[in-house]
1. Please list the non-local residues whose amide H lies under 5 Å from the amide H of Leu76, H modeled 1.01 Å from N, same-chain partners needing a gap of 5 or more.
2. Could you check the spin-label model distance between Val128 and Phe147? Points 7 Å from the Cα along Cα→Cβ, value in nm.
3. Measuring from label point to label point, each 7 Å out along Cα→Cβ, what is the Met1 to Ser38 span in nm?
Amino acid sequence: MGLACAGYLLFVAAQAQVYHQRAAELIGVVAEQPKSGSLIGRLDIPALHLSVAVLEDDQSKSLLRGLGHIPGTAELGGLGTVGLAGHRDTFLKPLRRIAPGMDIQATGGSGEYHYVVDSTEIVLPQAVEVLAIRSRPELTLITCYPFNYVGAAPKRFVVHAHLVSVTPDAVRGAP
């Protein structure tokens with residue numbers, strides 16, 4: 001049984017690595033309406049040494065491969081609030097060290113977007129107002145909390161960041 005579990009974990013880790021590699025190559029790819037589970041970008045937080053693929057939807061299968069774009073929120077770099085979710089014990093584990101003023105870079109099909117962290121908060125799972133549209137474009141990262149909790153965590157850790165610049169593919173020299 002233990003060998004089967006270890007094999008499954010290795011398979012999931014390898015699959016996540018493949019999506020991370022594909023996200024690194026995602027430049028100038030624009031999909032009109034991304035399909036559920038498809039790769040749509042990459043998120044980087046240099047100060048935390050965090051680089052992870054972003055997939056369209058927040059389903060379990062996607063969250064095993066990277067961060068999930070929360071349906072109904074703005075697209076990467078779009079007007080409104082972009083909502084991304086991920087597991088606290090995998091890709092978003094480094095978020096425990098995030099602080100206001102840290103840079104976040106998101107790369108999507110049409111450009112590169114630079115965000116700066118404004119604040120963090122801890123909320124109950126039903127606090128959907130964390131995804132509300134604000135007066136300026138924002139990125140909201142959501143993961144479970146507490147970070148060291150065993151099992152289904154009772155709260156959510158939320159990071160709020162605002163968009164400070166956009167570099168379209170045409171400026172970056174992408175095809």
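Every read-out reported here was derived from the displayed coordinates using simple, explicitly stated rules and does not represent laboratory data. What you see is a predicted model; the values in this text were computed from it and never measured. All Cβ positions, even for glycine, are placed from backbone atoms using ideal geometry, and neighbour counts span all protein chains on display.
1. Here nothing satisfies the definition.
2. 2.9 nm
3. Placing both labels 7 Å beyond Cα along the Cβ direction yields 4.1 nm.
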